[in-house]
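The next block holds one structure in the form of structure tokens; read it before the comments.
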Amino acid sequence: MIQEPEFVSVSDVAMELDSATQEQFVRAAERLGIERLYPEQERAILHSLQGRDALVVLPTGYGKSACYQIPSMIMPKPVVVVSPLLALLEDQTRSLEKRGVPVVRVDGTVRGKARREAMARIAEGGPLLVMTTPETLGGEELRLALMETGISLFAVDEAHCASEWGHDFRPAYLRLHEMIGRYGRPPVLALTATATASVRDDLIRILALEDPLIIAASPHRSNLCFEVIECGSTARLRALTRLILRLRRPGIIYCSTTKEVDAVHGALRAMGIPAHRYHGGMKGSDRKAEQELFMKRGRRLVMVATSAFGLGIDKPDIRYVVHFQTPSSLEQYVQEAGRAGRDGRQSHCILLHHFDDRDIHEFLQSQSRVRPQQLFQLVKALVAYVEEGRFPDVIDLAASAQLAQRVTSAVLAVLESASLVEITTEKYVRPVIPPEELLDRARRLTEQFQRLRKLDTERLDAMEAYASQEVCRAQMLREYFGVGAGSECGACDMCRQAGERPGSFFEPLRKKKARKKAGKKARKKAGKKARAKKGSARGGRRRGARGRGKPAAAGATAKPAAADTTAKPESPTPS
């Protein structure tokens, strides 16, 4: 049985504030279309309005953004939100502008007149939400504007990116503590959807949070029904197709590779299922068009996508999220599965699992993760150039470090995001810190990437354990994220004792259709025979009746019996 979550009305929350702020709070919530809040949201917002630090871990669909959007309309100075996700910044800014919320976006894609207007609005000060990236926040242009106005609250979205223990470590986030200090150390609100106990401890240390309020909600929402189906590569598409035909739409199907997205999308379309697709190999315009079609209200569609889809997606009526392959971590799985059932209605989170899925992720991680020795090798080559009084271009640096140009570009992207080097307009690579400090920072970064590779393996192990252990799925998720196992959810496949799917569930659909067709044909044939037999019997009775009821005419000669044997039988009258 699904338990209804607890909520607090906006008016009740407002009663906790002073009389001058109550009306502002209610108006801000109304502008966002919010009538009630989760208790965790209430605590985070009230704590931030008091000017104190907080670390907030709320699952996808809990409304983390409201924790800084409401204060941005009440606090006297701008509220700054830092996020690494450009698409999320763009979507939120567009949505807030439609609601009349004072907001500006400043990142590397905002240029020319739009950038000048954004800076001018920041200079005006007052209640304002400033959405930006770590890279832009480190620039002088935005720093000067915000130093003039001051900052009421510094919100760090996707805060797990700052921790090397997090599943999506980004070196650019390592400088946030330094940036916060440059802006006069305003109150900090760190937010994320997934953080284990070790990640939470790491974030408090990295961001130097002062006596923070820690809010860590369960990663499992009570309206989500989790299930794992074991199936190999040959049976996977058959199982998926049966699920999609039975489950209520709209829904999302996540695949690990673009190749699988195209294959699944094509199979569903061939069966007449209204499916769309989304992955990084498509043109930007095509991705946008597919996303807009899926997001339309009232459309019962299926989106087949890689993990690139979903950031900033606020579609409340998604009835299921199916993972065609096992994700690389429980953090990723919970975040993607949590996009189902944001309206509070029962929804399904189904994982199609096979032990071979691990091989895919180990290969992808070996390609995407920077190898520690490559990073340090390149930095040493760069330092040698600098000590000679020269700055190399990418080609020369790759040759000197004995690395492929593709690898060199990937390592430089990491060093640039960590603000250790910069690429000049002439395409030369130049360190932004002294060579000795660069080597020291590179050693530390190398150690962090070594730990990341070890953590990748541990996360794959945890994902395997989730799929194979016969315990309540919700309890296992809570234990992994360090919020206490709690009671059984009563909704997952383990609690329902659903058992294994029958063998017919994994059989090809065409065979099942052929059996149905053959059975229908046999029944039709049998029916014809029965009707023919019945018709012959009726005809015989009619002939016999005529012979008994009409005596032969006088003088008529009886026909010989042999003549009846040569007569043609009557065709049966169809019933």
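The values are calculated or read from the model by the stated rules, or taken from the named source; none is laboratory data. Worth saying up front: this structure is predicted, and the values here are computed from it rather than measured. All Cβ positions, glycine included, derive from the backbone under ideal geometry; neighbour counts span all protein chains shown.
Of all residues being buried (at least 19 other Cβ atoms within 10 Å of the Cβ) and among the aromatic types (Phe, Trp, Tyr) in the stretch 423-474, which is nearest to GLY499 (Cα to Cα)? Just the residue, please. The qualifying residue nearest to GLY499 (Cα to Cα) is TYR466. Give the residues of the stretch 475-513 that are exposed (fewer than 14 other Cβ atoms within 10 Å of the Cβ) and among the basic types (Lys, Arg), sorted by residue number. Those that are exposed (fewer than 14 other Cβ atoms within 10 Å of the Cβ) and among the basic types (Lys, Arg): ARG496, ARG510, LYS511, LYS512, LYS513. Filtered by the rule that a residue be closer than 24 Å to ASP343 by Cβ and β-branched (Val, Ile, Thr), the stretch 234-254 gives ILE244, ILE252, ILE253. Taking the stretch 265-285 only, how many residues are part of a helix (DSSP H, G or I), surrounded by 14 or more Cβ atoms within 10 Å (Cβ to Cβ) and over 19 Å from the mean Cα position of the chain (by Cα)? Residues that pass the stated criteria total 3. Please work out which residue is surrounded by the fewest Cβ atoms within 10 Å (Cβ to Cβ), limiting yourself to the stretch 220-234 and to residues that are of a type in the set (A, V, I, L, M) and within 15 Å of CYS495 (Cβ to Cβ). That would be VAL228.
Could you check the stretch 123-141 and list, in sequence order, the residues that are of a type in the set (A, V, I, L, M), under 32 Å from the mean Cα position of the chain (by Cα) and surrounded by fewer than 23 Cβ atoms within 10 Å (Cβ to Cβ)? Hit for the stretch 123-141 is LEU128, nothing else. Among the residues of the stretch 408-463, the one identified as of a type in the set (Asp, Glu) and assigned to a strand (DSSP E or B) is GLU422. Residues that are over 23 Å from ARG451 (Cα atoms), at pLDDT 90 or above and not assigned by TED's automatic domain parsing to the domain that holds VAL302 occur in the stretch 367-382; there is at least one. Would you say ARG200 is among the basic types (Lys, Arg) and over 24 Å from the mean Cα position of the chain (by Cα)? It is false that ARG200 is among the basic types (Lys, Arg) and over 24 Å from the mean Cα position of the chain (by Cα).
For the stretch 170-183, name all the residues that are buried (at least 21 other Cβ atoms within 10 Å of the Cβ) and either under 15 Å from ILE151 (Cβ atoms) or not assigned by TED's automatic domain parsing to the domain that holds LEU142 (or both).
Selection gives LEU176, ILE180.
Taking the stretch 184-213 as the range and being assigned to a loop (DSSP other than H, G, I, E, B) and surrounded by fewer than 17 Cβ atoms within 10 Å (Cβ to Cβ) as the test, the residues that pass are GLY184, ARG185, ALA208, GLU210, ASP211. When the criteria are applied in full, SER65 fails the requirement of being of a type in the set (S, T, N, Q), out of contact with any Phe, Trp or Tyr (no Cβ under 6 Å at 6 or more places or on another chain) and at pLDDT 95 or above.
For first residues located in the stretch 412-428 and at positive phi, partners that are of a type outside the set (Gly, Ala, Ser) and assigned to a helix (DSSP H, G or I) and lie 6+ apart or on another chain with Cβ distances below 6 Å form the pairs SER419/ARG175.
Of all residues in the stretch 392-406, those satisfying the criterion of being in a helix (DSSP H, G or I), in contact with a helix residue (DSSP H, G or I) (Cβ under 7 Å, 6 or more places away or on another chain) and either of a type outside the set (Val, Ile, Thr) or surrounded by 17 or more Cβ atoms within 10 Å (Cβ to Cβ) (or both) are LEU397, ALA398, SER400, ALA401, GLN405. Considered as a group, the residues in the stretch 237-249 that are in contact with a Phe, Trp or Tyr (Cβ under 7 Å, 6 or more places away or on another chain) and either part of a loop (DSSP other than H, G, I, E, B) or of a type outside the set (Gly, Ala, Ser) (or both) include one that is surrounded by the fewest Cβ atoms within 10 Å (Cβ to Cβ), and that residue is LEU247. Sort through ARG36, ARG43, ARG52 and tell me the only one that's in contact with a Phe, Trp or Tyr (Cβ under 7 Å, 6 or more places away or on another chain) and over 22 Å from THR93 (Cβ atoms). Answer to the check: ARG36.
For the stretch 118-138, a tally of residues being more than 15 Å from SER83 (Cα to Cα) and assigned to a loop (DSSP other than H, G, I, E, B) returns 4. Note on the stretch 286-311: residues that are in contact (Cβ under 8 Å) with a residue 24 or more places away in the chain and surrounded by 20 or more Cβ atoms within 10 Å (Cβ to Cβ) amount to 7. Within the stretch 430-453, no residue that is more than 21 Å from SER163 (Cα to Cα) sits with its Cβ atom under 7 Å from a residue that is among the aliphatic types (A, V, I, L, M) and exposed (fewer than 14 other Cβ atoms within 10 Å of the Cβ) at 6+ positions apart or across chains.
Can you tell me which residue within the stretch 180-196, out of those that are of a type in the set (A, V, I, L, M, F, W, C) and closer than 22 Å to GLU135 by Cβ, is modelled with the lowest pLDDT?
Ranking the candidates gives ILE180 first.
Checking each residue in the stretch 409-422 for being buried (at least 16 other Cβ atoms within 10 Å of the Cβ) and touching a strand residue (DSSP E or B) at 6+ places or on another chain (Cβ under 9 Å) picks out LEU412, LEU415, GLU416, LEU420, VAL421.
Taking the conditions (1) closer than 30 Å to VAL57 by Cβ; (2) surrounded by fewer than 18 Cβ atoms within 10 Å (Cβ to Cβ); (3) touching a Leu at 6+ places or on another chain (Cβ under 8 Å) in turn, ASP314 satisfies each one other than (3).
Residue selection: ASP262 fails the criterion of being out of contact with any Pro (no Cβ under 6 Å at 6 or more places or on another chain) and part of a loop (DSSP other than H, G, I, E, B).
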